[in-house]
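Colleague: Following this message is one structure expressed as structure tokens.
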Amino acid sequence: MQRMSLLFREQGIDFCLVHIPAMLDAVLPQTVGPGYQTRPGCRFRPDQFAQPVLSPAELNGLNQLFALKKQVERLAGRWAVKNLVMQ
């Protein structure tokens, strides 16, 4: 797992912190760089991902967001959930 830290566990729920720059380096290398917070959204293709993270339906939903910041946040959330499930 890449830079995801367990903050605490309460009543069977894991609360984790995802380091977004490290996640981007692992999942979308050289595609999303610094300054993504102020850039408009872009259309991602499956071949841009270093590892398969999103289903076709999830990728379609990601591409419908208008701000790259929102796209990155959704990607980080999906990546975190899938990593937690695999533990």
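Colleague: With Pro29, Pro46, Pro56 as the choices, which residue is farther than 28 Å from Leu6 by Cβ and touching a residue at least 12 places away in the same chain (Cβ under 8 Å)?
Modeller: Details: Pro29 fails: farther than 28 Å from Leu6 by Cβ; Pro56 fails: touching a residue at least 12 places away in the same chain (Cβ under 8 Å).
Of the residues listed, the single one that is farther than 28 Å from Leu6 by Cβ and touching a residue at least 12 places away in the same chain (Cβ under 8 Å) is Pro46.
Colleague: Which residue, of Val72, Val53, is outside any helix (DSSP H, G or I) and surrounded by 14 or more Cβ atoms within 10 Å (Cβ to Cβ)?
Modeller: Values: Val72 fails: outside any helix (DSSP H, G or I).
Sole residue among the options that is outside any helix (DSSP H, G or I) and surrounded by 14 or more Cβ atoms within 10 Å (Cβ to Cβ): Val53.
Colleague: Anything in the stretch 7-50 that is of a type in the set (S, T, N, Q) and part of a loop (DSSP other than H, G, I, E, B)? List them, or say none.
Modeller: Hits for the stretch 7-50 are Gln11, Gln30, Thr31.
Colleague: Moving on. Just to be sure before I move on: is Ala26 among the small types (Gly, Ala, Ser), surrounded by fewer than 14 Cβ atoms within 10 Å (Cβ to Cβ) and at pLDDT 85 or above in the structure I sent?
Modeller: no
Colleague: For the stretch 31-49, check the following and say yes or no: at least one residue is closer than 30 Å to Gly12 by Cα and not charged (D, E, K, R). Explain how you work it out, then say what you get.
Modeller: First, the residues of the stretch 31-49 that are closer than 30 Å to Gly12 by Cα: none.
Taking every residue of the stretch 31-49 in turn, none turns out to be closer than 30 Å to Gly12 by Cα and not charged (D, E, K, R).
Colleague: Conditions: (1) at pLDDT 90 or above; (2) under 13 Å from Ala80 (Cβ atoms). Cys42 meets all but one. Number of the miss?
Modeller: (2)
The values are calculated or read from the model by the stated rules, or taken from the named source; none is laboratory data. Since we're looking at a predicted model, the values are computed, not measured. FYI the Cβ positions are ideal-geometry reconstructions off the backbone, even for glycines, and counts take in every protein chain you see.
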